[in-house]
Amino acid sequence: MQELILFEKEELLESMDNDIEFMCSILDETIESLPNELDILRSHVEADDAAATRNQAHTMKGLSANIYAPALRDVCLRIETAAKEGDLKTASEILPELERVISLTITEIKNRCL
């Protein structure tokens, strides 16, 4: 099994001109919002709303990319793609994996930065 790359701290820090304080504030805000973002996504999937699911997964993919969390970005992309194809069954099946990767990512960020 391929190792998950949860967080690329050095790349994020470099993209923020090595401003550790700014990076930490962005990370803190983002990881604080992730559980709520997941709840929103889950509600769209449960409501069988493919367009809203796709949009929310896209938003979460962007958040993940902004904080250099590739594993999280990849899972969000898979949900976005499934929803774009109208396959909410697959999107729903990916949700537990997304929840796990969010938890792992938050833990990794807290351990390395916050």
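The values are calculated or read from the model by the stated rules, or taken from the named source; none is laboratory data. It should be emphasised that the depicted structure is a prediction, and the values quoted were computed from it without experimental measurement. Positions of Cβ are generated from backbone atoms using ideal geometry, with glycine treated the same way; all protein chains shown enter the neighbour counts.
A compact table of results
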| item | result |
| --- | --- |
| Only listed residue being under 21 Å from Arg112 (Cα atoms), among the polar types (S, T, N, Q) and crowded, with 19+ Cβ neighbours inside 10 Å, chosen from Ser64, Ser15 | Ser64 |
| Residue list for the range 54-70, filter: touching a residue at least 40 places away in the same chain (Cβ under 8 Å) and more than 8 Å from the chain's Cα centre (by Cα) | Asn66, Ile67, Tyr68, Pro70 |
| Extreme residue, nearest to Ala83 (Cα to Cα), among residues of the range 1-53 that are under 18 Å from the mean Cα position of the chain (by Cα) and β-branched (Val, Ile, Thr) | Thr53 |
| Helices (runs of 4 or more DSSP H) wholly inside the range 6-114 that include at least 3 residues being of a type in the set (Asp, Glu) | 9-15, 20-46, 88-112 |
| Extreme residue, nearest to Ile109 (Cα to Cα), among residues of the range 27-42 that are touching a residue at least 24 places away in the same chain (Cβ under 8 Å) and polar (S, T, N, Q) | Thr30 |
| Of residues in the range 58-114 being in contact with a Cys (Cβ under 7 Å, 6 or more places away or on another chain) and within 21 Å of Asp19 (Cα to Cα), the one modelled with the highest pLDDT | Ser64 |
